[in-house]
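Derivation of every value follows stated rules applied to the coordinates shown; laboratory data play no part. Bear in mind that the values here come from a model prediction, so they are computed numbers and not experimental data. Neighbour counts are summed over all protein chains in view; Cβ atoms, including those assigned to glycine, are modelled from backbone coordinates with ideal geometry.
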Amino acid sequence: MNIFVINTGSSSLKYQLFKMPLEQPVCSGLVERIGMEDASITHKTFLNGEEKIIKEKKPLPDHEAGLHEVVRLLTDAAIGVIKSTDEIDAVGHRVVHGGESFAATTIITDEVKEKIKALFSLAPLHNPANYIGIQVAEKIFTKAKQVAVFDTAFHQTMPAKAYRFAIPQQLYQEQHIRAYGFHGTSHKYVSEQAAIYLQNKNAKIITIHLGNGSSMTAVDSGQSVDTTMGFGPVGGLIMGTRSGDIDAAVIFHLIEQLGYSAKEVSELLNKKSGMQGLTGLSDMRDIRKAIEEGDEQAELASELYAYRIKKYIGAYAAALNGLDAIVFTAGVGENAADIRRRVCTNMQFLGINLDEAKNDIRSAEIRAINTANSPVKILVIPTNEELEIVKQCYNLLKA
């Protein structure tokens, strides 16, 4: 079964093609800066044990033009992996917000598309772009089934005590205001990989997804029981440009005393806060360099960042009534040894004991970085959201 996975952003398009049930993609790529004169395409193919990389720059006015260029590369006489788009059996789409409507992977119909549109206001940076990806794919892959995999679906197992807010009842009943959680595809993938590694399907695991956007999830026997992001993706951990948890009184003060509009507060908390607000830098690599150069504000920001994670580890260990492993994943979680060290230092009371030497080793494989006698395993597991999406699509369609 040929399944093409698309992850559509506002100005980007990530993709992979799988010939399932083989879990190694035959090609992958990234289209960036869509809508600009200097848009770029990076296309990789994996054939006969050999990887080929093609890089191109050209104006791409919209996502449809970008996807047409991807199809040209997919079907190219010299480097193509299919002869025509008719060979694609299904297109799997990452959709960030499924609300309470979607607790599982779903074949896309007109009704499903309308529900995705209705959720635009809950994920304004993501759902509109995801919707465009669906529309464009329907035009180009006319014989394929279109399938939606929702980031929020994994968290639909959370109990009401975890997802409800202490606000008037009708705001939940009529407006569906509650915690939904995000990064579910990643949390599901790495928690399953951890359970396999631990040889314990009933393991109590805290997954820590650290990228430009970051979140943590408490997982008990494969199910999400709590997560740090809530109604939208700004809550919880300190992130690249997002504030994470903040006292609501600060928002009232900004509006009522300092004259901010609601739109300006949203812009502040989503795009000008987090590590960007604390240091002027949003990329952890730049912040690490600033620390090495003696920047005290960068040092403090990194302490704040790690401290928030530590607090949630404690909270989720309590929610789980035990802990078998913590898992670091995504760009920062997988690569920033200094952040992992900050998080795991002085956590012996919870049974978390870091092996400094193992922590400093870089690897693309699943690895344990705890000491031999650590009661809690500390795992670094590379996430693979596209593989998780394709597995969910394949399992749905073969059923």
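Return the distance in nm (one decimal) between the two label points of a simple spin-label model at E293 and R341, each offset 7 Å from Cα along Cα→Cβ.
2.1 nm
Once you have the Kirkwood Rh of region 266-328 from its Cα pairs, apply Stokes-Einstein at 10 °C and 1.306 mPa s and quote D in µm²/s.
Numbers: Rh = 13.3 Å.
D, rounded to a whole number, is 119 µm²/s.
Taking 0.36 nm per residue of sequence separation and subtracting the Cα-Cα distance, how much length would be gained by fully extending the chain between R33 and D360, in nm to one decimal? Could you put the intermediate results ahead of the total?
Numbers: separation 327, 0.36 × 327 = 117.72 nm, distance 3.42 nm.
Result for the pair: 114.3 nm of gain on full extension.
Could you order the peptides 48-60, 314-326 from most to least packed, using the average number of other C-beta atoms within 10 Å per residue? Mind showing how you got there, number by number?
Working: 48-60: 11.2, 314-326: 18.0.
Packing proxy ranking, top to bottom: 314-326, 48-60.
Please get the size of the charge dipole for the chain, origin at its Cα centre, with Cβ charges of +1 on Lys and Arg and -1 on Asp and Glu, quoted in debye to the nearest 20.
In total the dipole reaches around 660 debye.
What dipole magnitude, in Debye to the nearest 20, does region 26-131 give about its Cα centre under +1 on Lys/Arg Cβ and -1 on Asp/Glu Cβ? Can you show the working numbers first?
Numbers: 12 positive and 17 negative charges, 48 e Å.
Dipole of region 26-131, to the nearest 20 debye: 240 debye.
Could you work out the per residue convex hull volume over the alpha carbons of the chain, in cubic angstrom?
Values: hull volume 66.5 nm³, N = 399.
In the chain, the Cα hull volume divided by residue count equals 167 Å³.
In whole Å, what are the extents of region 246-350 along the principal axes defined by its C-alpha atoms, from largest to smallest?
Largest first, region 246-350 extends 47, 39, 22 Å along its Cα principal axes.
Binned at 5 Å from 0, what are the whole-percent values of the Cα-Cα distance distribution for region 2-150, short to long?
2, 10, 20, 22, 20, 15, 8, 3, 1, 0
Project the alpha carbons of region 4-53 onto their principal axes and report the range along each, largest first, in whole Å.
35, 20, 8
Which of the GluC sites (Glu not before Pro) found in region 262-369 are in a DSSP loop and have at most 16 neighbouring Cβ atoms, other than their own, within 10 Å? Walk me through the numbers on the way to the answer.
Values: sites: E264, E267, E292, E293, E296, E299, E303, E334, E356, E365; in loops: E293, E365.
Passing sites in region 262-369 are E293, E365.
Normalised by the residues of the chain, what does the relative contact order come to in percent, with Cα pairs under 8 Å and at least six apart?
Details: 801 pairs, mean separation 52.8, N = 399.
Computed value for the chain: 13 percent relative contact order.
Between K398 and Q199, with labels modelled 7 Å along Cα→Cβ, what's the label distance in nm to one decimal, could you check?
2.6 nm
Contact order normalised by length for region 2-150, with contacts defined as Cα pairs under 8 Å and 6 or more residues apart; what percent is it?
Details: 302 pairs, mean separation 35.8, N = 149.
Contact order relative to length: 24 percent.
Computed FRET efficiency, Cβ-Cβ of D110 and N373, R0 51 Å: what is it to the nearest 0.05? Don't skip to the end; give the middle numbers.
Working: r = 58 Å, r/R0 = 1.13.
Efficiency computed from Cβ-Cβ geometry: 0.30.
List, largest first, the extents of the alpha carbons of region 200-380 along their principal axes, each in whole Å.
Each principal axis gives a Cα extent; for region 200-380 these are 55, 39, 28 Å.
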